[in-house]
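Would you mind keeping the following structure in view while I ask a few things?
The values are calculated or read from the model by the stated rules, or taken from the named source; none is laboratory data. Just so you know, these numbers come straight off a predicted model, no measurement behind them. Cβ placement follows ideal geometry from the backbone for every residue including glycine, while neighbour counts extend to all protein chains displayed. All accessible areas refer to the heavy atoms of the entire protein, side chains included, with ligands and DNA or RNA removed. Shrake-Rupley method; radii C 1.70, N 1.55, O 1.52, S 1.80 Å.
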Amino acid sequence: MRIGITGHRGLSAAVEKLVRAGLDTEVKEHEPTELCGISCIADGPDTWFAESVLAAGGRIEVVIPADQYRDGLPSTHHAAYDALLQHAVEVHHTGMSESTSQAHMTGSEILVGLVDRLIAVWDGQPARGFGGTADVVAYARSAGVPVDIVWPEGATRD
């Protein structure tokens, strides 16, 4: 089973705990030897999902939206990003250089094209900018990819 991830970044530590538990539950529904998680490994749900897949014994593939993508992520996330990238069995690139909203959406479109299902850590609200979680969910649904929403009771966004 090939499962992708999309989700809101910048969630609080309390919400992170709830979301991580929800992602772990989703991951444990699959046979680890048959599980491949696909992620852009941004800070937040992308990383938490990839870590959960690896911890369960699955494998990960990474989609890099742009050559400058890592530089646009928080510097505190670089070590986790680098570690997950080292565990990737395959890395997919968009061919774009600048880490823009368009590059992020293109990366998400590639991700959706690689998966059987998509997990969305999503509050159900419209995207706050092009390429946001709601846009990725809409794209997946239009492509016929089933979407599982993880938004635990009590979760909020700033």
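Residues to consider are Arg2, Arg20; find the one that is surrounded by fewer than 22 Cβ atoms within 10 Å (Cβ to Cβ) and under 24 Å from Ile110 (Cβ atoms). Break it down stepwise before answering.
On the way: Arg20 fails: under 24 Å from Ile110 (Cβ atoms).
Selected residue: Arg2, the only one of Arg2, Arg20 that is surrounded by fewer than 22 Cβ atoms within 10 Å (Cβ to Cβ) and under 24 Å from Ile110 (Cβ atoms).
Related question: If you go through the stretch 1-49, how many residues are closer than 22 Å to Pro126 by Cα, hydrophobic (A, V, I, L, M, F, W, C) and free of Cβ contacts under 8 Å to residues at least 40 places away in the same chain?
The total comes to 1.
If you don't mind, there's one more thing I want to ask. For the stretch 23-52, give me each residue that is open to solvent by 10 Å² or more (accessible area, probe 1.4 Å) and in a helix (DSSP H, G or I).
Asp24, Thr25, Glu26, Lys28, Pro32, Thr33, Glu34, Asp46, Trp48, Glu51, Ser52
While we're looking at this one, here's another question. Could you run through the stretch 101-131 and say how many residues are surrounded by fewer than 17 Cβ atoms within 10 Å (Cβ to Cβ) and among the hydroxyl-bearing types (Ser, Thr, Tyr)?
Final tally of qualifying residues: 1.
If the requirement is being outside any loop (DSSP other than H, G, I, E, B), in contact with a Ser or Thr (Cβ under 8 Å, 6 or more places away or on another chain) and closer than 15 Å to Phe49 by Cβ, which of these qualifies: Ile119, Ile110?
Within the list Ile119, Ile110, the selection yields Ile119.
Looking only at the stretch 132-145, which residues are open to solvent by 40 Å² or more (accessible area, probe 1.4 Å) and small (Gly, Ala, Ser)? Quick ask: steps written out before the conclusion?
Within the stretch 132-145, the subset open to solvent by 40 Å² or more (accessible area, probe 1.4 Å) is 135, 138-139, 141-144.
Once the filter is applied, which keeps residues that are open to solvent by 40 Å² or more (accessible area, probe 1.4 Å) and small (Gly, Ala, Ser), the stretch 132-145 yields Ala138, Ser142, Ala143, Gly144.
Here is a yes/no grid of residues against (1) within 14 Å of the chain's Cα centre (by Cα); (2) in a helix (DSSP H, G or I):
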position: Leu85; (1), (2): yes, yes
position: Val89; (1), (2): no, no
position: Glu98; (1), (2): no, no
position: Pro126; (1), (2): no, no
position: Gly131; (1), (2): yes, no
position: Val145; (1), (2): no, no
position: Asp148; (1), (2): yes, no
position: Ala155; (1), (2): no, no
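Within the stretch 53-77, how many residues turn out to be closer than 17 Å to Leu23 by Cα, in a helix (DSSP H, G or I) and open to solvent by 10 Å² or more (accessible area, probe 1.4 Å)?
2
Counting only residues that are in contact with a helix residue (DSSP H, G or I) (Cβ under 7 Å, 6 or more places away or on another chain) and among the aliphatic types (A, V, I, L, M), which one in the stretch 65-90 is farthest from Ser108 (Cα to Cα)?
Ala80
Determine which member of the set Gly57, Gly37 is within 14 Å of the chain's Cα centre (by Cα) and at pLDDT 95 or above.
Only one candidate passes the filter, namely Gly37.
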